[in-house]
Every structure is written in C-alpha cells, then in structure tokens.
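Notes follow the structure.
Just so you know, all these numbers are worked out from the coordinates, no wet-lab data involved. Note that the structure is predicted; figures quoted are calculated from it, not measured. Every residue, glycine as well, gets a Cβ built from its backbone with ideal geometry; the counts of neighbours run over all protein chains shown.
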Amino acid sequence: MNEKSVTVSLSGQPHRYRIELGYQRLRAAGDWARACLAPATTRVVVVSNPKVFRLYGETVRESLEKAGFAASVFLMKDGEKHKNLRSHEQLLKFVSERRLTRSDAIVALGGGVVGDLAGFGAAVYLRGIAFLQIPTTLLAMIDSSVGGKTGVNSDFGKNLIGAFHQPHGVLIDVETLRTLPARELTAGFCEAVKHGAIAGRELFDRTARFLETYKIERFRRFFADENFPAALTELLAAQVAFKAAIVMNDEREDLARTDGKSRKILNFGHTLGHALEKVTGYRYFKHGEAVGYGILFAAELAKKLEILGENELKLLNGVMQRVGRLPDLRNIELENVISAFSFDKKNIGRSLQWILLRGIGRPVIVSNDDLPESAIPEVLRKIFAKRFS
C-alpha cells in the first residue's frame, strides 16, 4: 500500500519529526510511537473522546502496550465548546495522577479539538513533555496536527490561550476517514481548498481534480476502490508538505513578516471563520465550515479591492461548490460578527490583518487600516445574502 512521509525540520532547532501517512497504519501505532519517543519513555496518556475511542482506541492502546508502554486513557467531551481551560485542568490532573515524568508522553487520538488540548497539556505539564499526534479527521490531518500550535478557547476568543509545542511525530491513517461524517469531510476539504488557494495552481488544481473525481456525497463508497486510498494519501501528503514548508520557514508566526511565505498566510479565511465560531458559542459550526465562509468572504473582499480578478474569484468559488453544504447564516447577526473581529489573534498594533489573494497562490497581508471603512460590512452583507450552500 502507498505510504508517504514528510519531515519537519525547524530552523535553528535540533528538534525534527516525521509525519507518516498511509492506509491501515493504526495497528502498528505502538512500534511507530516507540521509534518517535525516547528509550526511557515508559508511560503514555492517550487523549481522545468517546466516539473516536470507541472506533479506534482499543486498537491503538493494545498496540502501545505491545510496544512496552503503560497506556492510560483520558476521554474529553466531544466538540469545540469543550476545548477550554476546564478540560485542560482535568487533563493535567489526570496526567499528574498517572505520575507521568519528564521522559513520558501524551498521545492525541482524534480531531483538532483533541490534538489542541492534548498538545497544550503536554506543553505545560512539567514545563513540557513529548506528545504524538494521531489525527482521525481530515481537518486535523492536513492542518492542526502539523505545525505545533496548541491551545484552548475562552469567552474572549478562539485559541487565544496556548503555546507552540511541536509533536515528536504524526501518524496519519487515511482509513479513519472511512467513518467520518459528511460534515467533517466538508470541513476538512474547506481547509484543503484554503491550502491550495494560497499555495499555488499545482496544489489547487490537484485538490480540485480530486473533489471532481471523488464526490463528497459518495466518499465512503470509494474505499472499495483499491486505488482510492493511494490517491487520498497522495493528496494529503501534498497538503501536509505545503503546510510543513510554511512552518519550517516561520515556526512562530514572526510579527514583523508580511511576505507571502509568512505563517500568517495560513490564516486565509480564518478571520471571519473565528468570528462566526465565537458568536455562535463554538456550537454551530465545524471549524472548517466557518473557514469555508471565510474563504468566500476574503475572496470577495479581494475582488472589491480590485486585487483579485473575476476569473480567479469564479475559479475559487467553483471549487468551493464541491466541498459540500455549509450551515445557514440566517440566524446570525452581522453586527455581532463585526464586533467579534476585535478579539481575533491576528490583531497587531490594534489593527486587524486580513489575508487576501492577488491570485491563486499569491496571498497578501492587508492591514484593516488600509481598507475603506465600508468594505467589510458591504462584503459581509453580500456573503450573508447568498447563504452559500
């Protein structure tokens, strides 16, 4: 079966790790973890949620134990609303009671919520212990498991509390996508389109062709095709390689950088996305769905500012039509969304920075101070009126 790997080597740091991708890899998770972690590691805590653990947890735990680890399991509640300081404290208490030491590790098994919480726990417990990522959603595979951003949400914003803490390894088994609900697939492919839009035509066109060949509504059935897992692995490897290249070039999102290779460009679509999540209490949208609206908004805003051409706007919107239905915006107050922008972590010197496009693969960072005052509400009203589906 087709297997891929991407090595992440951070500039100026000795720490490097591998992102391994393939099909039916979970049964060997223990051997993989043993290769990633120090020989002295004896205890691990697997962080997951009940739904994911029911599907894959025992396979992973048994594999870890066969490899010589004493594995305990911490199950958090499912959903973005539970990625908070209360859950974080519960995890730290659990880890402490299992007497993990500086040489032990935390293993995240689940989507981005699980990975962010587990990573933040590993970042602060004993001032930092090793952790591994085993992402089980498409969004986590190509985005949150790569790059070392960890954190939790709060009443005053999304991911404003957190730390940079790189994993010691990432294991991506595309078979877990067989059980993924349609909404989770849509959320993940929104992020995939985002990557393509800022990376360039090669990744953008590859993503578009995949979505045209393998329709979202029939995704599970494609696993019966022996060629599908390999095609899926190839696409995810390309997506991961793009994000890893950005991270290696700008690990901590240097505030002074405004070039097209800055880590800030990964926030394309996220300004509106985070605002939508905040005003709906992190209960209504999947993260990728909210980013999907953010992509549509940022592209329309770039068109209004006359930096993105009509043809490329249509091209981007056309690919977004293939990712699936996004939730209705009917009951969301536009004024509340605008107010939520002030809580965004991309505010620098009190001015919000927008990631826009001059074209596919040509991201640009624009300060809110440089936008006409009417531009944001005018484009928002247009997006809200469309209620994209």
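The table below lists the values:
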| read-out | value |
| --- | --- |
| Kirkwood-based Rg to Rh ratio, segment 4-179, C-alpha trace | 0.93 |
| On Cα atoms only, tilt of 375-386 relative to the major axis of the chain in degrees | 80 degrees |
| In segment 4-179, lysine pairs with alpha-carbon atoms under 15 angstrom apart (chain gap of 8 or more, or interchain) | 5 |
| Cα-based helix-to-principal-axis angle, 201-213 vs the chain, degrees rounded to 10 | 80 degrees |
| Cβ-based exposure ranking for 126, 305, in which fewest neighbours within 10 Å come first | 126, 305 |
| Mean Cα-pair separation over length for the chain, i.e. relative contact order, pairs under 8 Å, 6 or more apart, % | 16 percent |
| Sequence of 155, 31 once ranked by neighbouring C-beta atoms within 10 Å, starting from the fewest | 155, 31 |
| Net dipole in debye of segment 4-179 [+1 Lys, Arg Cβ; -1 Asp, Glu Cβ; about Cα centre; nearest 20] | 180 debye |
| Cα centroid separation, segment 238-293 to segment 180-228 (Å) | 18 Å |
| Segment 130-258 - percent relative contact order, Cα under 8 Å, separation 6 or more | 29 percent |
| Calculated FRET value between residue 201 and residue 31, using beta carbons and R₀ = 51 Å, to 0.05 | 0.85 |
| Additional length obtainable on full extension of the chain from residue 15 to residue 306, 0.36 nm per residue less Cα span | 100.5 nm |
| Shape metrics for segment 130-209, restricted to C-alpha atoms - Rg then Dmax, Å | 14.2, 40 |
| Label-to-label distance, nm, for residues given as residue 342 and residue 213 (7 Å Cα→Cβ offset) | 4.9 nm |
| Per-q log10 I(q)/I(0), the chain, q = 0.09, 0.11, 0.14 Å⁻¹ (Debye; single scatterer per alpha-carbon; no solvent) | -0.49, -0.75, -1.23 |
| Sorted by Cβ density within 10 Å, fewest first, the residues 191, 20, 212, 65 | 212, 65, 20, 191 |
| Cα lying deepest toward the dipole's positive end in the chain, options 68, 142, 35, charges on Cβ | 68 |
| Angle in degrees between helix 85-97 and the longest Cα principal axis of the chain, rounded to the nearest 10 | 10 degrees |
| Low-density loop cleavage sites - GluC sites (Glu not before Pro) in segment 251-356, where at most 15 other Cβ are within 10 Å (DSSP) | 306, 333 |
| Calculated P(r) tail over 26 Å for segment 80-196, as whole % of Cα pairs | 18 percent |
| Segment 66-143 - Kirkwood radius from inverse mean 1/r over Cα pairs (Å) | 12.8 Å |
| Candidates 259, 104, 370: whichever shows maximal mean-square fluctuation once the chain is modelled as a Gaussian network with Cα springs under 10 Å | 370 |
| Calculated FRET efficiency for the pair residue 358/residue 256, C-beta based, R₀ 22 Å, to 0.05 | 0.55 |
